[in-house]
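Some notes on the structure that comes next.
The values are calculated or read from the model by the stated rules, or taken from the named source; none is laboratory data. Just so it is clear, the structure is predicted and the values come from calculations on it, not from any experiment. Here Cβ is always computed from backbone atoms with ideal geometry, including for glycine, and neighbour counts include all displayed protein chains. For the accessible areas, the whole protein counts, side chains as well, though only heavy atoms, and no ligand, DNA or RNA atoms are used. Shrake-Rupley method; radii C 1.70, N 1.55, O 1.52, S 1.80 Å.
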Amino acid sequence: LADGLAGNMDPESITFDLVRRHVGRAVLAPESAIADAIRGLFERERIVAEGAGATAVAGLLSGLPVAGRNVAVVVSGGNIDMDRLGIHR
């Protein structure tokens, strides 16, 4: 579901340095949590997000400890197959 995250990060890009400086750890989210995040974003917020864009929400749903912290989640990408979303034409 999150095939947009499969690419390698280029060590020469600005992104690599930003991640190295500001990311303390990475969390793995199972496919089921990504599916739940996509569904929940659509049902509750009317946001259509592809798997890669919903993965941060999936991390939160998977039990990422955030109690007492300010958390911002960037949700991006509406490039999702309508059949995968469950919308048939």
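In table form, for the structure just shown:
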read-out: Residue count, the stretch 1-38 (criterion: among the charged types (D, E, K, R) and under 16 Å from the mean Cα position of the chain (by Cα)); value: 4
read-out: Boolean, Thr15 is open to solvent by less than 60 Å² (accessible area, probe 1.4 Å) and either part of a helix (DSSP H, G or I) or touching a strand residue (DSSP E or B) at 6+ places or on another chain (Cβ under 6 Å) (or both); value: no
read-out: Checklist (1) under 12 Å from the mean Cα position of the chain (by Cα); (2) within 16 Å of Gly4 (Cα to Cα) applied to Leu41, failing item; value: (2)
read-out: Matching residues, the stretch 18-33, being in a helix (DSSP H, G or I) and open to solvent by 80 Å² or more (accessible area, probe 1.4 Å); value: Arg20, Arg21, His22, Glu31
read-out: Filter result for Val48 (at pLDDT below 85 and either in a helix (DSSP H, G or I) or among the hydrophobic types (A, V, I, L, M, F, W, C) (or both)); value: no
